[in-house]
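Below is one structure; the comments refer to it alone.
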Amino acid sequence: ITGVSEKVNFMRQLDLITQKICPKYPRPAKFSDPGGDFSDEELKELIRKRDNELTETDLMCIFQGALPAGVYHEVMYFVPIPLQHIAENQENDTLDNLLRWTSYNQEDLQADGIYDDLLNFFETLFVELTSQYILSENYVKNSNLCETLVQILNENHNRMGDMLIK
């Protein structure tokens, strides 16, 4: 039952975030590559892909911490996509990059009224990940994802990871 209710919470939170983002931030026509980290061809290939074709690697490039593919207003349209990937596939690299991007853009996210919604999403993710203890091949399932979540929330989001553990 917990898993089903958490999935419903994920979808509600995702819908709320999407409703706040989509009217204000349409899909960009291009990425500006503020850090100079990508070739023109890589940027064109990223922007040509439809939303449902974006892979974990693509999302990692779009939200690459201090070197994202675009500036804040170019990347904002894409925020719901990695959230859905994380909720459905529990992708560790996507989570890592999105959390770091969130910390770098905290002031803008707060001004848009989305920062707290993102933290609520990550809190729901933590609850979902820790609701079960499943041992798989001598490792606890989702332990890497939990470790990433707690570590980056502690480093970049006022020790929120420790608060979640408590």
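The values are calculated or read from the model by the stated rules, or taken from the named source; none is laboratory data. Keep in mind the model is a prediction, meaning the values are calculated, not measured. Don't worry about glycine lacking a Cβ; one is built from the backbone with ideal geometry, like all the others, and counts go over all protein chains shown. Side chains included, ligands, DNA and RNA excluded: accessible areas come from the protein's heavy atoms. Shrake-Rupley method; radii C 1.70, N 1.55, O 1.52, S 1.80 Å.
Annotations
- Flag for LYS30 being touching a Lys or Arg at 6+ places or on another chain (Cβ under 8 Å) and in a loop (DSSP other than H, G, I, E, B): yes
- Filtered residues of the stretch 67-82 (kept if touching a residue at least 60 places away in the same chain (Cβ under 8 Å) and buried (at least 22 other Cβ atoms within 10 Å of the Cβ)): VAL79
- The residues of the stretch 100-114 that are assigned to a helix (DSSP H, G or I) and open to solvent by less than 10 Å² (accessible area, probe 1.4 Å), listed by number, are TRP101, THR102, LEU109.
- Subset of the stretch 83-99 that is open to solvent by 70 Å² or more (accessible area, probe 1.4 Å) and of a type in the set (D, E, K, R) - its residue that is modelled with the lowest pLDDT: GLU88
- Any chance ILE47 is over 20 Å from LEU118 (Cβ atoms) and assigned to a helix (DSSP H, G or I): yes
- Residue match in the stretch 127-134 (condition: assigned to a helix (DSSP H, G or I), at pLDDT 90 or above and out of contact with any Lys or Arg (no Cβ under 8 Å at 6 or more places or on another chain)): no
- Residue within the stretch 115-125 that is modelled with pLDDT of 75 or more, farther than 29 Å from VAL71 by Cα and assigned to a helix (DSSP H, G or I) present: no
- Residue pairs whose Cβ atoms lie under 9 Å apart, separated by 6 or more positions or on different chains, with the first residue in the stretch 35-64 and on the phi > 0 side of the Ramachandran plot and open to solvent by less than 80 Å² (accessible area, probe 1.4 Å) and the second at pLDDT below 95 and not charged (D, E, K, R), are GLY36/LEU67.
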